[in-house]
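Presented below is the structure to which this report refers.
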Amino acid sequence: MKRWTKQVVWCLVLLMASSGGIGSNAFGQSGTVVEGGRLKADATWTKLGSPYTVNGYVALGDNVTLTIQEGVEVKFAANAGLTASSGRLIVNGSEEEKVVFRLDSSAGGLDQYNEEIRLGSDSSLQHVDIDHARMGIVLEGSNNTVDKVKVTNSDLYGIHIAGDDNSIKNSTLISNQNGLSVFGQNNLFIGNNITASLESGIIVERNSTEGIYMNNMVAQSGKYGLYSEIPYESIINRFYGNTFLENQSGMLTGTSSIFRENNLLDQLIVVNSTITDMNLSQNYWGTTNSENIFNRIILPNNYYNITIEPFLSESVAPIEEVETAAPILNVIKESDSTVTGKAEPGDRVTVIQKYSYWTSKKEAVADENGVFTVPFMPVPAGEKVEAFATNRYEIKSSIVSAVVQPEYVPPIEEDTEPPGKPMVNEVTDQQTYMNGIAEAEAFIEVKAGHQLIAAGYADENGSFYLTMPKQKAYTELAVTATDKAGNRSVAATVKVKDVTAPFKPQIFPAVTDQTMVVKGTAEEGATVEVRRDGVLIGTGVSNAGSFSISIPLQIEGTQLSMIARDQAGNASEATVLIVLDGTPPALPVVYEVTNFSTS
């Protein structure tokens with residue numbers, strides 16, 4: 001029996017060695033050795049084959065996908081790396097079992113680095129820890145997603161973005177030379193923690209445009225928290241709900257950048273620009289004394305006009321993350337000269353027509369009821385029309401489409417019997433859809449109060465699936481079915497279930513060995529818990545988005561963790577902080593000074 005088991009294990013080792021150009025260690029040693037080179041076929045790195053020791057540069061071939069499963073450890077030799085410039089890298093770590101990329105301990109001392117994880121387009125990294133790389137992650141292309149990734153001790157940048165339309169969310173960049181470097185357009189950065197960068201926390205290069213930075217914490221950088229030397233009028237980056245705290249040289253930015261609802265707690269340096277006006281109202285500065293605020297703003301010369309009022313009088317809780325809902329298009333007929341529908345009130349709706357040799361793009365803003373009307377060039381039935389919405393944070397929705405319908409509608413036989421009440425499946429506050437069963441081919445409408453949020457038809461079997469904006473927890477939705485004769489059913493009601501974890505607590509000022517009260521921001525009404533080594537040492541409730549929790553004095557270097565738990569029992573990710581030295585330095589000793597002293 002033992003001999004048979006060993007034969008099976010040996011066969012598995014040989015099988016792993018034959019896939020994707022990967023070689024294994026000698027029998028009796030755990031893990032898989034990857035010598036480098038080009039991966040020519042799709043491959044999966046599994047926990048069973050972990051750790052993977054990469055001795056060279058691994059490149060994915062054209063359209064090749066490498067999938068790395070949860071719990072996998074990848075150890076890089078010095079100057080080794082992994083590039084998916086031509087393929088796709090899918091890393092599926094979990095909260096419980098993260099994927100780890102790190103320098104192999106046998107590679108040498110701390111002056112050695114592996115290269116980077118280089119992405120082309122359409123790759124995804126979730127729950128990944130990356131340590132001791134030249135550059136942690138490099139994004140060259142578009143539509144890459146980095147979520148809940150931790151990058152530490154990078155020699156140049158934690159994350160460097162050279163492409164467009166990428167998303168970095170809920171990630172932590174700590175103790176890198178520079179935290180985040182951006183050189184591209186329309187990139188999205190939400191809920192990241194960029195701390196203790198040796199130089200700058202965020203660097204926005206000159207060609208980086210239309211970026212959105214929301215709910216990020218940038219703290220304790222050795223130089224700038226934000227270095228954004230972009231003086232041009234046409235280049236705009238937007239900052240909402242961010243906190244800049246205790247960065248050595250403060251923030252440096254051009255006047256074209258937009259700042260709203262941020263905690264600007266550092267010095268702010270304005271770069272010389274062709275625009276001399278800058279609106280910095282609606283931010284919190286840590287004080288309500290306008291003279292003190294202006295003393296923290298450094299201008300190139302006296303010609304600049306900076307507006308700070310009205311400023312906020314208290315710290316800003318992170319803005320609720322806004323994923324823009326796609327618009328709902330009403331039926332478009334071939335003789336119509338307008339396109340109508342519904343979107344979130346205030347959203348800008350863009351309608352795109354492509355017909356023959358021309359393309360038309362028209363826009364309108366949805367009114368207070370969400371109704372919009374966009375001019376439309378009549379086209380024959382069967383042509384497709386596309387639309388998307390853009391919210392006040394300049395975040396775009398997915399694209400929806402509709403087919404132009406003919407004018408003639410066949411007569412419907414007289415029917416006076418209303419359809420039965422729809423059967424609706426559970427709806428959570430994370431869903432962007434609703435599904436269920438109703439009368440076949442009935443028209444389904446979903447309302448939140450008096451506002452229509454979704455509409456569409458059931459199929460020939462009565463099943464329906466409708467896209468809709470995310471709804472707040474505990475919202476009651478009414479769902480009706482209208483048959484072809486215009487008879488409407490009794491409304492079915494469903495209450496939106498709360499499954500959304502609150503955002504991580506944000507702490508400021510920093511916790512030191514002199515701190516007995518921890519302060520910060522968290523979701524309204526959430527219970528905030530402070531733990532040391534898993535033991536609860538303090539708790540409190542967030543009131544108006546802020547909390548204050550008494551804790552025992554802690555020793556410098558102690559690691560504390562904090563979570564917020566909402567009223568539905570959902571728990572946030574943990575905020576981890578290190579207790580700092582809060583003892584003031586000793587007074588200097590000054591020797592006698594006389595009228596003959598020159599020093």
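The values are calculated or read from the model by the stated rules, or taken from the named source; none is laboratory data. None of these values were measured; they are calculated from a predicted model. Every residue, glycine as well, gets a Cβ built from its backbone with ideal geometry; the counts of neighbours run over all protein chains shown. Side chains are part of the model used for accessible areas, which takes the heavy atoms of the whole protein and leaves out ligands, DNA and RNA. Shrake-Rupley method; radii C 1.70, N 1.55, O 1.52, S 1.80 Å.
Number of residues in the range 346-356 that are assigned to a strand (DSSP E or B) and either open to solvent by 20 Å² or more (accessible area, probe 1.4 Å) or within 22 Å of PRO406 (Cα to Cα) (or both) equals 6.
On the stretch given as the range 529-546, residues that are loosely packed, with under 11 Cβ neighbours inside 10 Å and within 21 Å of ASP513 (Cβ to Cβ) total 4.
Determine whether ALA454 is of a type in the set (Gly, Ala, Ser), in contact (Cβ under 8 Å) with a residue 12 or more places away in the chain, surrounded by fewer than 18 Cβ atoms within 10 Å (Cβ to Cβ) and out of contact with any Pro (no Cβ under 6 Å at 6 or more places or on another chain). In short, no. Taken together, the criteria exclude GLU95 from residues that are open to solvent by 10 Å² or more (accessible area, probe 1.4 Å), under 24 Å from SER208 (Cβ atoms) and either in contact with a Pro (Cβ under 9 Å, 6 or more places away or on another chain) or at pLDDT below 95 (or both). Considering the range 103-132, and only residues there that are assigned to a loop (DSSP other than H, G, I, E, B), under 21 Å from LEU60 (Cβ atoms) and polar (S, T, N, Q), the residue that is modelled with the highest pLDDT turns out to be SER123.
Reported count of residues in the range 142-172, each being out of contact with any Ser or Thr (no Cβ under 9 Å at 6 or more places or on another chain) and open to solvent by less than 20 Å² (accessible area, probe 1.4 Å), is 1. Counting only strands (runs of 3 or more DSSP E) that fall entirely inside the range 513-598 and contain at least 3 residues that are under 19 Å from VAL316 (Cα atoms), the qualifying elements are 517-521, 546-550, 559-565. If you go through the range 220-233 and keep only what is in contact with an Asp or Glu (Cβ under 7 Å, 6 or more places away or on another chain) and either open to solvent by 10 Å² or more (accessible area, probe 1.4 Å) or at pLDDT below 95 (or both), you end up with GLN220, GLY222, LYS223.
Might you let me know whether the range 357-368 holds any residue that is in a loop (DSSP other than H, G, I, E, B) and buried (at least 20 other Cβ atoms within 10 Å of the Cβ)? Yes; the residues of the range 357-368 include at least one that is in a loop (DSSP other than H, G, I, E, B) and buried (at least 20 other Cβ atoms within 10 Å of the Cβ). Does the range 118-127 contain at least one residue that is within 20 Å of THR32 (Cα to Cα), open to solvent by less than 50 Å² (accessible area, probe 1.4 Å) and either touching a His at 6+ places or on another chain (Cβ under 8 Å) or without any contact (Cβ under 8 Å) to a residue 60 or more places away in the chain (or both)? Within the range 118-127, not a single residue is within 20 Å of THR32 (Cα to Cα), open to solvent by less than 50 Å² (accessible area, probe 1.4 Å) and either touching a His at 6+ places or on another chain (Cβ under 8 Å) or without any contact (Cβ under 8 Å) to a residue 60 or more places away in the chain (or both). Listed by position, the strands (runs of 3 or more DSSP E) inside the range 246-325 whose residues that are open to solvent by 60 Å² or more (accessible area, probe 1.4 Å) and closer than 22 Å to SER546 by Cβ number at least 1 are 258-260.
Scanning the range 473-487 for residues that are outside any loop (DSSP other than H, G, I, E, B) and open to solvent by less than 40 Å² (accessible area, probe 1.4 Å) gives LEU477, ALA478, VAL479, THR480, ALA481, THR482.
Of everything listed in (1) assigned to a strand (DSSP E or B); (2) under 17 Å from HIS160 (Cβ atoms), the single unmet condition for PHE239 is (2).
ASN193 meets each of the listed conditions (1) open to solvent by 30 Å² or more (accessible area, probe 1.4 Å); (2) in contact with a Phe, Trp or Tyr (Cβ under 8 Å, 6 or more places away or on another chain); (3) at pLDDT 95 or above apart from (2). Pairs are defined by a Cβ separation below 8 Å, a sequence spacing of at least 6 or placement on different chains, a first member in the range 323-335 that is touching a residue at least 60 places away in the same chain (Cβ under 8 Å) and among the aromatic types (Phe, Trp, Tyr), and a second member that is in a loop (DSSP other than H, G, I, E, B) and open to solvent by less than 70 Å² (accessible area, probe 1.4 Å); no pair meets this definition.
Please go through the range 196-208 and give me each residue that is of a type in the set (A, V, I, L, M) and surrounded by 21 or more Cβ atoms within 10 Å (Cβ to Cβ), ordered by number.
Result: ILE202, ILE203, VAL204.
Taken over the range 399-418, the criterion of being under 48 Å from the mean Cα position of the chain (by Cα), assigned to a loop (DSSP other than H, G, I, E, B) and modelled with pLDDT of 85 or more is satisfied by ILE399, VAL404, PRO406, PRO418. Scanning the range 40-80 for residues that are of a type in the set (D, E, K, R) and either more than 24 Å from LYS148 (Cα to Cα) or touching a Cys at 6+ places or on another chain (Cβ under 8 Å) (or both) yields a count of 3.
Every residue, every condition in (1) open to solvent by less than 70 Å² (accessible area, probe 1.4 Å); (2) touching a Lys or Arg at 6+ places or on another chain (Cβ under 8 Å); (3) more than 26 Å from THR428 (Cα to Cα), yes or no:
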{"residue": "LYS470", "(1), (2), (3)": "no, no, no"}
{"residue": "SER489", "(1), (2), (3)": "yes, yes, no"}
{"residue": "ALA492", "(1), (2), (3)": "yes, yes, no"}
{"residue": "VAL517", "(1), (2), (3)": "yes, no, yes"}
{"residue": "THR521", "(1), (2), (3)": "yes, no, no"}
{"residue": "ALA526", "(1), (2), (3)": "yes, yes, no"}
